[in-house]
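The values are calculated or read from the model by the stated rules, or taken from the named source; none is laboratory data. What you are looking at is a predicted structure, and each value in this text was computed from that prediction instead of being measured. Virtual Cβ from ideal backbone geometry, glycine too; neighbours counted across all protein chains shown. Protein only, heavy atoms only, side chains kept; ligands, DNA and RNA dropped before computing areas. Shrake-Rupley method; radii C 1.70, N 1.55, O 1.52, S 1.80 Å.
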Amino acid sequence: MPKKKRIWYPGAMYHIMSRGNRKKELFKNKIDYEYYLYILKQIKKDYPFSLSSYCLMRNHVHLQIKTKGIEIWKIMRQLNLYYAKYFNKKYNLVGHVFQGRYKSKLIQDAAYDIGLSRYIHLNPVEAEIVSKPEQYNWSSYNIYLGKKKNKIIDTSNILSYFKVKDPKKRYKDYCESIIK
């Protein structure tokens, strides 16, 4: 049975999730995380898109992407293909690195857009890896707080929802208000 074609149009926004095959690790060390981000940066040059948020967990990835003129499947095909080749070569493995096809959910309203960013950034807290999201090195959260610089993240869309003098502080309060 052929795969169902994903909805796409220029400007479509998605929540992308990719999981390690059999829920196994996608990242074994710091170099793996860094290499995934490097590939993401390279893909962004060839297939322009806007990346609002990301979180790289040990066995899965969350991306919040807004497409421009390239379909989401082309972006994700390149990203997952390049990372899988790297991972298999580095660890002397063969076969699938990712568990099936990546999952995508179309973002169709502001509430889901901003809530998704919070969800992505709180993923390590919910998984009890850290107690505060800024303690986790492999997400875009510290970029939102201005503690880290990274040219692959575009914070303007999410921060535009906070019509206050200091949107970074308001975003931090918004995210951390639900931490137990």
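Loop-only GluC sites (Glu not before Pro) in region 109-163, please: DSSP not H, G, I, E or B, and at most 12 other Cβ atoms within 10 Å. Write out the running numbers ahead of the final one.
Details: sites: 126, 128, 134; in loops: 128.
In loop regions of region 109-163 (DSSP not H, G, I, E or B), the sparsely surrounded GluC sites (Glu not before Pro) are 128.
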With a/c under 1.5 counting as rounded, go ahead and sort region 1-91 into rounded, prolate or oblate using the C-alpha gyration tensor (a ≥ b ≥ c being the square roots of the eigenvalues; past the cut-off, prolate if a/b is larger than b/c, else oblate).
prolate
The helix 110-126 Cα axis meets the longest alpha-carbon principal axis of the chain at an angle in degrees, between 0 and 90 and rounded to 10, of 70
Two-site label geometry, residue 71 and residue 93: point separation in nm, points 7 Å out along Cα→Cβ
2.8
Tell me the volume per residue, in Å³, of the convex hull enclosing the alpha carbons of region 137-180.
83
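So if each residue of separation counts as 0.36 nm, and I subtract the Cα-Cα distance between residue 137 and residue 24, what length gain in nm does that give? Walk me through the numbers before you get to the answer.
On the way: separation 113, 0.36 × 113 = 40.68 nm, distance 2.01 nm.
Using 0.36 nm per residue and subtracting the Cα-Cα distance, I get 38.7 nm.
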Relative to the chain, whose Cα atoms define the longest principal axis, helix 167-176 and its Cα axis are tilted in degrees, nearest 10, by 70
More than 31 Å apart: what percent of Cα pairs in the chain qualify?
14
Work the Kirkwood hydrodynamic radius out for region 91-180: mean of 1/r over every pair of different alpha-carbon atoms, inverted, in Å.
14.9
Once residue 170 and residue 9 are pulled to full extension, the length gained, defined as 0.36 nm per residue separation minus their Cα-Cα distance, is 54.8 nm
The extension gain from residue 129 to residue 108, computed as 0.36 nm times the residue separation minus the Cα-Cα distance, is 4.5 nm
Taking the full set of protein chains and a 1.4 angstrom probe, give the accessible area of residue 178 in square angstrom, rounded to the nearest 10.
90
